[in-house]
1. Check Asp25, Asp18, Asp44 and return the single one that is surrounded by fewer than 20 Cβ atoms within 10 Å (Cβ to Cβ) and at pLDDT below 95.
2. With the structure loaded, tell me whether Ala7 is farther than 22 Å from Val104 by Cα and either polar (S, T, N, Q) or modelled with pLDDT under 95 (or both) or whether it fails that test.
3. Of all residues in the stretch 1-24, which are under 21 Å from Pro92 (Cα atoms) and either of a type in the set (Gly, Ala, Ser) or over 14 Å from the mean Cα position of the chain (by Cα) (or both)?
4. From the list Glu34, Glu64, Glu94, Glu90, which residue is surrounded by 14 or more Cβ atoms within 10 Å (Cβ to Cβ) and of a type outside the set (A, V, I, L, M, F, W, C)?
5. Evaluate the following for Glu71: is it within 24 Å of Asn9 (Cα to Cα), under 13 Å from the mean Cα position of the chain (by Cα) and loosely packed, with under 15 Cβ neighbours inside 10 Å?
6. Among the residues of the stretch 89-101, write down those that are under 14 Å from the mean Cα position of the chain (by Cα) and within 20 Å of Met19 (Cα to Cα).
Amino acid sequence: MPAIITAKNTELVQQVIDMIKTCYDPEIPVDIWELGLIYEIRLDDENNLLVRMTLTSPSCPVAETLPPEVEQKLAGVTGIKSAKIELTFEPPWEKGMMSEVAQVELGFM
């Protein structure tokens, strides 16, 4: 399931995606973008960023630390006025949401 992207500034969105790709679930050696944990990226006309994301499970050991880490990194992207992470578990994450890159990396393909 590819992320829903709502934004006019596609260059800034690409910088956001590039920053997301520097964030990893510490138990899985694949970034959270390729894992399919990012459900939505919304960038308004004032460059306020909202990212809806999930975790591999609600009881994920990094539930308390990963979303704030992602939010902090995204707030540091040049041009972003504000960044907010919205955590959701709907729909629940499943390994079919991973990109082909992630599936190959983890030996699912």
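1. Answer to the selection: Asp25.
2. yes
3. Selection gives Ala3 alone.
4. Numbers: Glu64 fails: surrounded by 14 or more Cβ atoms within 10 Å (Cβ to Cβ); Glu94 fails: surrounded by 14 or more Cβ atoms within 10 Å (Cβ to Cβ); Glu90 fails: surrounded by 14 or more Cβ atoms within 10 Å (Cβ to Cβ).
Within the list Glu34, Glu64, Glu94, Glu90, the selection yields Glu34.
5. The answer is no for Glu71.
6. Passing the criteria: Met97, Met98, Ser99.
The values are calculated or read from the model by the stated rules, or taken from the named source; none is laboratory data. Predicted model, so just to flag it, every value in this text is computed and none were measured. Neighbour counts are summed over all protein chains in view; Cβ atoms, including those assigned to glycine, are modelled from backbone coordinates with ideal geometry.
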